[in-house]
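Enquirer: Structure below; questions to follow.
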Amino acid sequence: MKIDVVTVFPEYLAPLDLSLIGRARERGMLDLNVHDLRRWTHDVHHSVDGAPAGGGAGMVMKPQPWGECFDELIPGEAKPHLLVTSPAGRPFTQAMAHDLAAEPWLMFACGRYEGIDQRVVDYAAERMEVTEVSIGDYVLFGGEVAVLAIIEAVTRLVPGVLGNAASLDDESHNAGVLEAPAYTRPAEWRGHEIPPVLLSGDHGKVDRWRREQALLRTARARPDLLARLDPGSLDKRDRLL
Ligand SMILES: N#Cc1c(-c2ccc3cc[nH]c3c2)n[nH]c1N
């Protein structure tokens, strides 16, 4: 998978050099590059913003650097799926992460200030798939933190990036429910014990207990997810919970 990130704060993306994503880059599983948008400015101040048309507070990222950036990074027929992070974007979900993990080339545009001139999005949409995406209903200073979250959620689904693929099996939001609580030794810690069933060695009981706990946890924390569950995915015992 090829990923390009365009930002005025490349140092914000330094965590992409670390841990499993860093290892996947070193092993050639991810062709991930971070680009400083100021590379495509030509004034002495390397300015990337301008006053909002129509007035108002703050500044808007001007279109020229983005256009020249696209010209250089997308020179040929092959086009990336451009993801523009924005509070006004489509909610990012695990399902979207799976879809994006199957794509050959993603490009992320990190906005700052009051956002990117809308004509950048409209111009890009004439040439490639563009999705405006949000990681939640709150407002950040810019798009970089959202891009880090999305890249982590997507790349961990790319075959080979997450060492033990089994870790993907029962995680939250995969089967529409949250994952069961996790424990490790010691068996007792500060008066709190590991639930005995987890030490029973009875894998059938452990699986049933984890399923029950996942449903109870989902009912408590995310009843909206339960409402969306396909009734066919619930067995008789589940319905009794
Ligand atoms: N994604 C996302 C975002 C943002 C965001 C994204 C880009 C910019 C550019 C200026 N301010 C921004 C906030 N805030 N909250 C989210 N869920």
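Enquirer: How much of the pair distance distribution for the chain lies past 35 Å, counting alpha-carbon pairs only, in percent?
Expert: Roughly 30 percent, once rounded to a whole number.
Enquirer: With springs only between Cα atoms under 10 Å apart, run a GNM on the chain and tell me which of Leu199, Leu168, Leu73 wobbles the most.
Expert: Comparing Leu199, Leu168, Leu73 in a Gaussian network model of the chain, the most mobile one is Leu199.
Enquirer: Once amide H atoms are built 1.01 Å from N in the peptide plane, which residues 5 or more positions from Glu132, or in another chain, come under 5 Å H to H?
Expert: Val84, Arg90
Enquirer: Taking amide hydrogens as modeled 1.01 Å from N in the peptide plane, which residues meet the under 5 Å criterion relative to Val34, leaving out close sequence neighbours?
Expert: Distant-sequence amide H within range of Val34: Val5.
Enquirer: Through the Karplus equation 6.51 cos²θ - 1.76 cosθ + 1.60, θ set to phi - 60°, convert the phi angles of segment 46-57 into ³J(HN,Hα) values in whole Hz; use x for Gly and Pro.
Expert: Coupling constants for segment 46-57: 6, 6, 10, 9, x, 5, x, 4, x, x, x, 7 Hz.
Enquirer: Another question about this same structure. Run through the DSSP bridge list for the chain and note the antiparallel percent, rounded to the nearest 5.
Expert: Within the chain, antiparallel bridges account for around 15 percent of the total.
Enquirer: Here's something else I'd like to know. Provide the per-residue ³J(HN,Hα) series for segment 19-35, in order, calculated from phi with Karplus coefficients 6.51, -1.76, 1.60 and θ = phi - 60°, each as a whole number of Hz, with x at glycine and proline positions.
Expert: 6, 5, 5, x, 5, 5, 5, 4, 7, x, 7, 10, 9, 10, 10, 10, 10
Enquirer: Amide H of Ser172: which non-local residues (sequence gap of 5 or more, or other chain) have their own amide H closer than 5 Å, using H built in the peptide plane?
Expert: Under 5 Å from the amide H of Ser172: Glu179.
Enquirer: Apply the Karplus parameterisation 6.51 cos²θ - 1.76 cosθ + 1.60, with θ equal to phi minus 60°, to every residue of segment 136-148 and state each ³J(HN,Hα) to the nearest whole Hz, in sequence, with x for glycine and proline.
Expert: Values, residue by residue: x, 8, 7, 10, 9, 6, x, x, 4, 4, 5, 5, 4 Hz.
Enquirer: Evaluate the charge dipole of the chain about its Cα centre and quote only its size in Debye, nearest 20, assuming +1 on the Cβ of each Lys and Arg and -1 on the Cβ of each Asp and Glu.
Expert: It works out to roughly 920 debye.
Enquirer: Mean-square fluctuation check for the chain, GNM, Cα pairs under 10 Å: which of Gly55, Gly191, Gly28 is largest?
Expert: In the Gaussian network model the winner is Gly191.
Enquirer: Helix 203-221 sits at what angle to the longest principal axis of the chain, using alpha carbons and giving 0 to 90 degrees rounded to 10?
Expert: Result, in degrees: 50.
Enquirer: When N is the residue count of segment 1-106, what does its C-alpha Rg come to as a fraction of 2.2 N^0.38 Å?
Expert: Working it through for segment 1-106, the quotient is 1.23.
No lab work stands behind these numbers, since they all come straight from the coordinates. The structure presented is a predicted model; accordingly, all values stated were derived computationally and were not measured. Cβ atoms come from the backbone with ideal geometry, glycine included; neighbour counts cover every protein chain shown.
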